[in-house]
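Chemist: This is the structure, below, for whatever I ask next.
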Amino acid sequence: MTLPTIDAALHWANGQLTASDSPRLDGQVLLCHQLQRPRSYLFAYGDRLLSASDWQGFQQLVAARADGQPVAYLVGEREFWSLPLKVSDATLIPRPDTEVLVAHALSLSLAAQSRVADLGTGSGAIALALASERPLWQLWASDRSPEALAVAEANAVRLALTNVQFCCGDWYQPLPAAALPLQLIISNPPYLAAVDPHLGEGDLRFEPATALVAGDDGLADLRLLIEQAYRYLEPAGYLLLEHGATQGPAVAALMAMAGFSAEPVLDLAGHWRASCGRLTLR
Ligand SMILES: C[S@@+](CC[C@H](N)C(=O)[O-])C[C@H]1O[C@@H](n2cnc3c(N)ncnc32)[C@H](O)[C@@H]1O
């Protein structure tokens, strides 16, 4: 068997991954994973020959990626808020858009020792990002999926973040009495309609439908979270929710009906992709 150099293997992968938006980067990330080396190694040692097992392993990873499988699932990791998070096919792959939620939460005037819940935590992305920034906050992170929650707990251990407690169950149901009343509830819930055509595209094809789909109009979980929030929040507590780019007006109306004063939270491209409500009625 003729074995390629690192440069030649990356060149080959680039030609295989034409369906990807980022073929060059995908190839580099997959080769780093195969070699268990940082990206700088690829640039420093481009003329090194791959071993037979690394070449075979890399070819398999590239074939899986060419088949559409997400890079994050193939390497088992995705960075969020500069934290390396383990992911699995039981968790959503954390998105940069969701970092806007974290940034907004950190901008709220909350006490140093606030109680905060991240509902539908998946890999733990939001809760762990907040825990890393606010070591004195007490956080509760819940999910209905025990498999996702196991990934989130493993991420907390790996990152040595001890101020998050994990609880399994349906939205608010698993929160213990010690968590209440909360100063902030934050969530990136499922918000796609069951018939949304995006479900057949890109990474979404491989992610758990239970993390993505919320009833016929995509609002089922957002509605429930908004309508029940007042029971768990302190007076003037905050409810911060991610939603789809066209759902802002509906979410604002639901928040107003539930006694919140709501403001839009824009993503980096200026799209209304989240809303923050402050409880005004009790
Ligand atoms: C869009 S994903 C968000 C995951 C993570 N917070 C993130 O931003 O990467 C939604 C999460 O909600 C969880 N979920 C869906 N329905 C739920 C329910 N009824 N109760 C609790 N969690 C639920 C899913 O398992 C999934 O982990």
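Chemist: For the chain, what is the relative contact order in percent, using Cα pairs closer than 8 Å and at least 6 residues apart in sequence?
Modeler: Computed value for the chain: 14 percent relative contact order.
Chemist: How much accessible area per residue does the chain have, counting only protein heavy atoms and a probe of 1.4 Å, in square angstrom?
Modeler: Ligands and nucleic acids excluded, the result is 47 Å² per residue.
Chemist: Okay, moving on. What's the carbon and sulfur percent of region 6-68's accessible surface, probe 1.4 angstrom, rounded to a whole number?
Modeler: The computed percentage sits at 47.
Chemist: Okay, moving on. Considering only DSSP beta bridges where both residues belong to the chain, give the percentage that are antiparallel (nearest 5).
Modeler: Counting DSSP beta bridges with both partners in the chain, the antiparallel share is about 45 percent.
Chemist: If the only charges are +1 at each Lys and Arg Cβ and -1 at each Asp and Glu Cβ, what is the size of the charge dipole of region 6-68 around the Cα centre, to the nearest 20 debye?
Modeler: Charge dipole, region 6-68, about its Cα centre: 140 debye, nearest 20.
Chemist: Show that you can apply the helix-only estimate: for the chain, add -39,500 (n - 2.57) for every DSSP H stretch of four or more residues, divide by all residues, and state [θ] at 222 nm to the nearest 500.
Modeler: -10500 deg cm²/dmol
Chemist: Report, by chain and number, residues whose modeled amide H sits under 5 Å from the one on GLY237, excluding near sequence neighbours (fewer than 5 apart, same chain).
Modeler: Hits under the 5 Å cutoff: LEU279.
Chemist: For region 113-210, what relative contact order do you get, as a whole percent, if you take Cα pairs closer than 8 Å and at least 6 residues apart? Spell out each step's value before the answer.
Modeler: Values: 157 pairs, mean separation 32.4, N = 98.
Answer for region 113-210 is 33 percent.
Chemist: Continuing with this model, one more query. Ignoring ligands, DNA and RNA, what percent of the 1.4 Å accessible area of region 90-181 is carbon and sulfur?
Modeler: The C+S portion of the solvent-accessible surface of region 90-181 is 55 percent.
Chemist: Each residue of region 219-234 in order: what ³J(HN,Hα) in whole Hz does its phi give by Karplus 6.51 cos²θ - 1.76 cosθ + 1.60, θ = phi - 60°, with x for Gly and Pro?
Modeler: So the Karplus estimates, Gly and Pro as x, are 9, 4, 6, 4, 4, 4, 4, 6, 5, 9, 4, 4, 5, 10, 9, 6 Hz.
Chemist: While we're looking at this one, here's another question. Determine the principal axes of the Cα atoms in the chain, then give the extent along each, sorted from largest to smallest and rounded to whole angstroms.
Modeler: Largest to smallest, the principal-axis extents are 73, 40, 32 Å.
The values are calculated or read from the model by the stated rules, or taken from the named source; none is laboratory data. Since we're looking at a predicted model, the values are computed, not measured. A quick note on method: Cβ atoms are made from the backbone with ideal geometry, for glycine too, and the neighbour counts reach across all protein chains shown. Ligands, DNA and RNA are excluded from the accessible area calculation, which covers all protein heavy atoms including side chains. Shrake-Rupley method; radii C 1.70, N 1.55, O 1.52, S 1.80 Å.
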